[in-house]
Structures are given as C-alpha cells and as structure tokens.
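Everything on this sheet refers to the single structure shown next.
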Amino acid sequence: MSREIRPSQRAVKESSVDVREADADNPVVTLSDDVVTLRPWSRDDAGFMAEACADPAIRRYNGVLDRLGRPTPPLSIVDAEAVIDQFALNWRAFATTQTPSGVAFAIMDARSGDVVGCCGVDDWSKADVAQFGYWIAASARGRGYATRAVILLTRWLFELGAARVFLTIVAENEESVAVARRAGFVYEGTMRSHGVWQARRCDVMWFAALPLEWTMRGPDEQT
Ligand SMILES: CC(C)(COP(=O)(O)OP(=O)(O)OC[C@H]1O[C@@H](n2cnc3c(N)ncnc32)[C@H](O)[C@@H]1OP(=O)(O)O)[C@@H](O)C(=O)NCCC(=O)NCCS
C-alpha cells in the first residue's frame, strides 16, 4: 500500500515530502528535499551509529547521563542494533497510533546515499506537543545537513497534527542553537541549572515552532 501526504504550498516550493508504508504494520517513512533524505534506520547502519556515537559531543548532548552528568560507555555494535530494533518497534506502534513517539530517522546525503546523522522524535504528548533531537557525525558537520533535517522533520510533525514542536538545548551548545535558529525555531527562555555535566550544573534553552507562525530560511541560504 502506498500513501502520499499532499505537501503544503510552502513544502512544494522547498522540498518534497513523500510518505510510504511498506505495509500497514511496518511503515517506511521517507522525507527528502533532494539534498538530504530522512529514512528509518536499518540494522545495516549499526556500525555507523556505534562509530558516530563515540564522538564526545554526541555522548554529551544526546547520550544518557547519570545523576552526576557522566555519560554511559560508548555503544557497541550490538548496542546500536538494539537501539535500531527499538526504533523499528516504535515505528510499528506509530502505524497504530499515528503519533510518532520514539521513532528516529537516519539522515542521508541524498546524492551519495551515505548516512550522516540521526534525528528522532523523543515524545509526542497527549496535547499534541512533539519534542525531538538530532546529531550529525563529526566528519559530516558544517554542511547544513542538520538544518535541513530539522526543517523536514518539523514540517512532517506539523502535517501529522503537532500543535507545537520544541527542542531543549544545553546553553553551551552553540552549534545546536544555530541549527534551531536557522530552522526557524523561536527562543522561549532558559531553564537555569536544569542540566548536569560532569558534576557541574548547566543551563538549558527552550526553542519552539508553532505551525501558523513557523518560517524558516530557504534551504540554500547560509547563516
Ligand atoms: C548540533 C549539530 C547537529 C550541528 O551540526 P552542524 O553541521 O553544525 O549543523 P548543520 O548541519 O546545520 O550545518 C551548519 C553549517 O553548515 C553551513 N551550511 C552550508 N550549507 C548550508 C545550508 N544549506 N543550510 C544551512 N547551513 C549550511 C552553515 O553555514 C554552518 O556552518 P558554520 O558552522 O561554519 O556556521 C552538531 O554539531 C552535532 O551533532 N553536535 C553533537 C550532538 C548535538 O549537539 N546534538 C544536538 C543536541 S540538542
């Protein structure tokens, strides 16, 4: 079975959003702007995921931390396979609920097919508020992949009915703050001492987008 969600007028201009379902229980969602393609993770990507997630910044900003802000050990390939299996289960749940929670996309360079990063929906609340996160492998940063992925993911979440989409970003993470701003997210405030890293408290910033006011830079505009 195949289904296409009609993109909005803005989406037609800036990207194509193509949603396919391999079958009713096992949806395969792909989103693309012809430079970046988002598609579900496959077990074949486990080696890439394990290697990329050994990066100190990904361990700090996307990894699991203990009470003192110490990261868990780097992922093995077996660990990465388990993470990918969980994503697959969450995609199957999405087929039933139509609310994506815990689903993640591999971010791919559309031309080469190389996987360069990850973006995923951490939560979709009962009030239709979605939160997501992202990372790009260290060797693929500085090329706009994250900004494009955030725009594609945000548009998809609005098309699914999200009333609000938000990000929380450690205040020291300037690269991620720049992604949020470039992708049209509005800074809403700072939660002081909300996070902890290596036994030191840190501030966390909120950014959000609302469907009726969301505007972003064109995909080829630089900072
Ligand atoms: C945060 C993170 C994803 C940002 O990655 P990034 O590569 O800097 O972001 P983008 O992919 O949007 O690329 C932006 C850069 O590409 C440039 N660029 C080139 N073409 C571009 C385009 N079409 N659109 C946007 N930027 C473009 C920008 O000018 C910018 O360069 P600059 O850093 O020299 O200013 C990355 O640093 C990362 O993975 N960090 C560790 C994990 C993390 O922090 N995750 C987020 C947790 S909240």
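The values are calculated or read from the model by the stated rules, or taken from the named source; none is laboratory data. Please read these numbers as outputs of a predicted model, since none were measured by experiment. Quick reminder, even Gly has a Cβ in these numbers, built from the backbone with ideal geometry, and neighbours come from all protein chains shown.
Here are a few things to note about the model shown:
- Looking only at segment 54-95, residues that are more than 27 Å from residue 25 (Cα to Cα), without any contact (Cβ under 8 Å) to a residue 60 or more places away in the chain and within 17 Å of the chain's Cα centre (by Cα) come to 3 in all.
- Selected residue (criterion: nearest to the ligand (Cβ to nearest atom)) from residues of segment 49-88 that are assigned to a loop (DSSP other than H, G, I, E, B) and among the polar types (S, T, N, Q): 62
- When residue 213 is tested against the conditions (1) modelled with pLDDT under 95; (2) under 22 Å from residue 68 (Cα atoms), the lone failure is (2).
- In summary, residue 202 fulfils each of the numbered conditions (1) surrounded by fewer than 21 Cβ atoms within 10 Å (Cβ to Cβ); (2) of a type outside the set (Asp, Glu); (3) within 9 Å of the ligand (Cβ to nearest atom) with the single exception of condition (3).
- Residues within segment 167-194 that are assigned to a strand (DSSP E or B) and away from the ligand (no atom under 11 Å from the Cβ), tallied: 9
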